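K.L.:
This is the structure, below, for whatever I ask next.
The values are calculated or read from the model by the stated rules, or taken from the named source; none is laboratory data. None of the values given here were measured: they were computed from a predicted structure. Methodologically, a virtual Cβ is constructed for each residue, glycine included, from the backbone with ideal geometry; neighbour enumeration extends over all protein chains shown.
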Amino acid sequence: MGVMSFAPEALKNLFKKPVTTNYPAEPAVYPERSRGHIEISINDCIGCGMCVRCCPCGTLSVDKIKGTWTIDRFDCIACGYCVEKCPKKCLFMKQGYQEPGAEKGTVTYTKSPEVLAEEAKKREEMAAKAAAAKKAAEAKKAAEAKKAAESK
């Protein structure tokens, strides 16, 4: 008698459209407000570290000189604070989930060599300008001191 109670339900399901989807053949449709995971457009990143400072879990790290941005995906809760705080909007939430890996670990993104070379050149130019401005300020101060000494 227990088997016969499921017979009407089994017959109904034979003629209905399946509830599940054929996942690999059809792409998954995620709910509208699903968070997904964090991705970065690394060449647009300025390395300011705002994302690192606002991350509640401490999963991010930035190295401005090396041009790297690192995330520990296992510790990230995908809250999106880093995406909101990024001044260049190079961080974004990607729909779906990251692919599973064999080991827990961090993911490091590195800027392209062309972008790193351009940034190094800009840093050198800014350092040269700062040195020239400092030298000019010292010369002006020395001239003012000499002028003040002569007037006394």
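This table checks each residue for (1) touching a residue at least 24 places away in the same chain (Cβ under 8 Å); (2) assigned to a loop (DSSP other than H, G, I, E, B).
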{"site": "PRO8", "(1), (2)": "no, no"}
{"site": "LYS12", "(1), (2)": "no, no"}
{"site": "ASN22", "(1), (2)": "no, yes"}
{"site": "ALA25", "(1), (2)": "no, yes"}
{"site": "PRO31", "(1), (2)": "no, yes"}
{"site": "ASN43", "(1), (2)": "yes, no"}
{"site": "GLY47", "(1), (2)": "no, yes"}
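K.L.:
Of all residues in the stretch 95-111 being surrounded by 13 or more Cβ atoms within 10 Å (Cβ to Cβ) and closer than 19 Å to ILE42 by Cβ, which is modelled with the lowest pLDDT?
P.N.:
Filtering the stretch 95-111 for residues that are surrounded by 13 or more Cβ atoms within 10 Å (Cβ to Cβ) and closer than 19 Å to ILE42 by Cβ, the one modelled with the lowest pLDDT comes out as GLN98.
K.L.:
Right, here's the next one. Looking at GLY36, GLY58 in this structure, which one is over 30 Å from ALA117 (Cβ atoms), exposed (fewer than 13 other Cβ atoms within 10 Å of the Cβ) and of a type outside the set (Asp, Glu)?
P.N.:
Exactly one residue qualifies, and that residue is GLY58.
K.L.:
Can you name every residue in the stretch 97-138 that is part of a loop (DSSP other than H, G, I, E, B) and touching a Ser or Thr at 6+ places or on another chain (Cβ under 8 Å)? Lay out the reasoning, then the answer.
P.N.:
Pass one, the stretch 97-138, residues part of a loop (DSSP other than H, G, I, E, B): 97-105, 111-112.
LYS111, the sole residue that qualifies.
K.L.:
Can you go through GLU124, GLU118 and tell me which one is among the charged types (D, E, K, R), closer than 30 Å to ARG73 by Cα, without any contact (Cβ under 8 Å) to a residue 40 or more places away in the chain and surrounded by 10 or more Cβ atoms within 10 Å (Cβ to Cβ)?
P.N.:
So the residue among GLU124, GLU118 that is among the charged types (D, E, K, R), closer than 30 Å to ARG73 by Cα, without any contact (Cβ under 8 Å) to a residue 40 or more places away in the chain and surrounded by 10 or more Cβ atoms within 10 Å (Cβ to Cβ) is GLU118.
K.L.:
Same structure again: Could you pull out the residue among GLY36, GLY58 that is of a type outside the set (D, E, K, R), touching a Lys or Arg at 6+ places or on another chain (Cβ under 8 Å) and under 17 Å from LEU91 (Cα atoms)?
P.N.:
One residue alone meets the criteria, GLY36.
K.L.:
So which residues in the stretch 24-57 are on the phi > 0 side of the Ramachandran plot and under 13 Å from the mean Cα position of the chain (by Cα)?
P.N.:
GLY47, GLY49 - these are the residues of the stretch 24-57 that are on the phi > 0 side of the Ramachandran plot and under 13 Å from the mean Cα position of the chain (by Cα).
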